[in-house]
Amino acid sequence: MHPHRPLSHQALRRALSLAPTLALVLALTLTLAHAPAWSHGGEDHGDTPAASTPAQQAPRASAQTDSFELVAVLDQGDAQHPATLTIYLDQLDTNEPVAQASIDVESGAFKASAQPVGPGVYTVPGSAFAKPGRYPLTFTVQSGDTADLLDATLVTGAHDAHGGEPTQAAGTAHKLWPWLAAGVAVLIALGAAAALSARRRQRRGTHSATHSSSHTGPV
């Protein structure tokens, strides 16, 4: 008498293949849940995109004329640091920073003269743009004999304590993580238990067949 090895072997293969497959499905689901949270930040003062960081996700506005290229970036600040609007001013044709320029900023009732903090870099207080909204900006730029008006729109939104803008997808992925991790662990444990049970059944079948064969013979 031969043991039912094909059935036991089939059950073992199914048990061993079940856990990795389902675990992979859940892992892919978790990866997709996290994917919307991996957003790219803005670009730096140059033309090359930079890696995503909270500071690079700051609201910004840009404008240019035949002479100047201007980018304004809002640091929304926190409890210890006030909000600041940083203005980067370059020559349009050479992309060189414009130093010692005079820049006046207007937005509704807000008016301020920018203060230079570096070559081509100027700042004005940014508390007027702290609330979420759309802010039309007018920059009056004077550099040497060249004067220009540049118009731009700054769009701001809610931000977290680190200066970045959280997304609903990121919050959802964070909440799903413990449940998906637990599900993967449970499936792996169930697969291991099923595999162990199948092995035990196969061993019992082999032992029974051997025992029966040892007692079978001519009378």
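Points to keep in mind about this one:
- Residue that is modelled with the lowest pLDDT, among those in the range 32-70 that are open to solvent by 80 Å² or more (accessible area, probe 1.4 Å) and charged (D, E, K, R): Glu43
- In the range 71-99, residue surrounded by the fewest Cβ atoms within 10 Å (Cβ to Cβ) [restricted to those that are aliphatic (A, V, I, L, M) and closer than 16 Å to Val155 by Cα]: Ala83
- Residue count, the range 126-141 (criterion: open to solvent by 80 Å² or more (accessible area, probe 1.4 Å) and more than 28 Å from the chain's Cα centre (by Cα)): 1
The values are calculated or read from the model by the stated rules, or taken from the named source; none is laboratory data. Note that the structure is a prediction, hence the values are computed from the model and not measured. As a convention, Cβ positions derive from the backbone with ideal geometry for all residues, glycine included, and neighbour counts pool all protein chains shown. When the accessible area is computed, the model is the full protein with side chains, heavy atoms only, and any ligands, DNA or RNA have been set aside. Shrake-Rupley method; radii C 1.70, N 1.55, O 1.52, S 1.80 Å.
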